Amino acid sequence: HWFLAWVGLELNTMSIIPILAKHHYPRATEAATKYFIIQAVASSLILFSSIMNAWYTGTWNITQLSTYPSTVTLTIALFMKLGLAPMHFWLPEVMQGTTLTSALIITTWQKLPPMSLLLMTTNHLPPLIIITMAIASILVGGWSGLNQVQMRKIMAFSSIAHLGWMMAILTMSQKLTILTLMIYLMMTSSLFLTMISTSTKTFKDMSQMWTTSPTLTTTCMLTLLSLGGLPPLIGFLPKWFILKELINNHLILTAIIMAILSLLSLMFYMRLTYTTTLTISPNTTNSMMKWRFKPTSTTNPT
């Protein structure tokens, strides 16, 4: 039922706002306000779309979308909630203003409600709009992530690019979309948990991570390469399957464009991997091995 789905999305938004704003400093409040405004606008569009559909069809059933205006409005609203291009501007700013734990929740758990609605209505959504926005998301995610030094912003653009891959295949194979989402959630959670445990927030922190925990540095390196989609790591599988499915559906040009654009994302993952494992940053202590000491910095945004 559309109304119940809308209520669920609103409850979800209201529950996350206190988590984002729990630290009493201006950037957290600003991030929570931006998040609330974007989610409220998207929820209003979803309600408007469902009312428009109910007006034409006489039913509030989620699976019975028949009018083109309501499906387009719904697609835009859900893409806004997910943070896909060109409605992505809020995501990096919100993530940069929150703690690492809140950023983890935004990039993983908060993607599930809009994704589930997209999967339920996938047969009625306009494929051309979805594929166009998917390619735009892969381009924006890769291009914008190139000159970032803050890890939370890099992860925001990484999220945009990965969601672009999921959207490209959404109307052709729901199972493949779910598989890609599960692998993305697993990789992102593992990288964020590594960053939380070592209090890593910037490129500079990444280069010093090995002095705090060599084991976590190795895990971080493998996760980054997996996010980049390098074989034989698990992140390569969904991209390979997606390209194969696109070619089977005679979308060869789309597959080529997506494969080329994924090199942009791979570039900043490789840069991160190089910084994390192959460079030694200047050290303030005499001993280069600091893993006996607990990190003293907090996870507040800097």
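Key figures for this structure:
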| read-out | value |
| --- | --- |
| Cα long-axis angle, helix 151-170 against the chain (0 to 90 degrees, to the nearest 10) | 40 degrees |
| Charge context of M258, other residues only, Cβ under 14 angstrom, K/R +1, D/E -1 | +1 |
| Residue-wise HN-Hα coupling along the range 13-21, computed from phi with Karplus coefficients 6.51, -1.76, 1.60 (Hz; x: Gly, Pro) | 5, 5, 6, 7, 4, x, 5, 6, 9 |
| Selection from L163, L278, T202, by position along the positive dipole direction of the range 126-281 (Cβ) | T202 |
| Protection-proxy order for peptides 75-81, 196-202, 89-95, each taking the mean of Cβ atoms within 10 Å per residue, highest first | 75-81, 89-95, 196-202 |
| Above-threshold pairs, the threshold being 27 Å between Cα atoms, out of K204/K244; K204/K239; K34/K239; K81/K175; K34/K175; K111/K153 | K204/K244; K204/K239; K34/K239; K34/K175 |
| Relative contact order computed over the chain (Cα-Cα under 8 Å; 6+ residues apart), in percent | 17 percent |
| Using θ = phi - 60° and Karplus 6.51 cos²θ - 1.76 cosθ + 1.60, couplings along the range 22-28 (whole Hz; Gly, Pro as x) | 5, 8, 8, 9, x, 5, 5 |
| Computed over the range 126-281: relative contact order in percent, which uses C-alpha pairs under 8 Å that are six or more apart | 30 percent |
| Amide proton proximity set for Q208, modelled H, under 5 Å, gap of 5+ | none |
| Potential lengthening between N123 and T218 on full extension [0.36 nm per residue; Cα-Cα distance subtracted] | 30.0 nm |
| For the range 1-77 and the range 137-203, distance of Cα centres in Å | 22 Å |
| Net length gained if the chain between T57 and S189 were fully extended (0.36 nm per residue, minus Cα distance) | 43.4 nm |
| Crossing angle, helix 127-145 versus the chain [Cα axis fit, 0-90 degrees, rounded to tens] | 20 degrees |
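Read-outs: derived from the displayed coordinates by stated rules, not from any lab. Being a predicted model, the structure only gives us computed values, none of them experimental. As a convention, Cβ positions derive from the backbone with ideal geometry for all residues, glycine included, and neighbour counts pool all protein chains shown.
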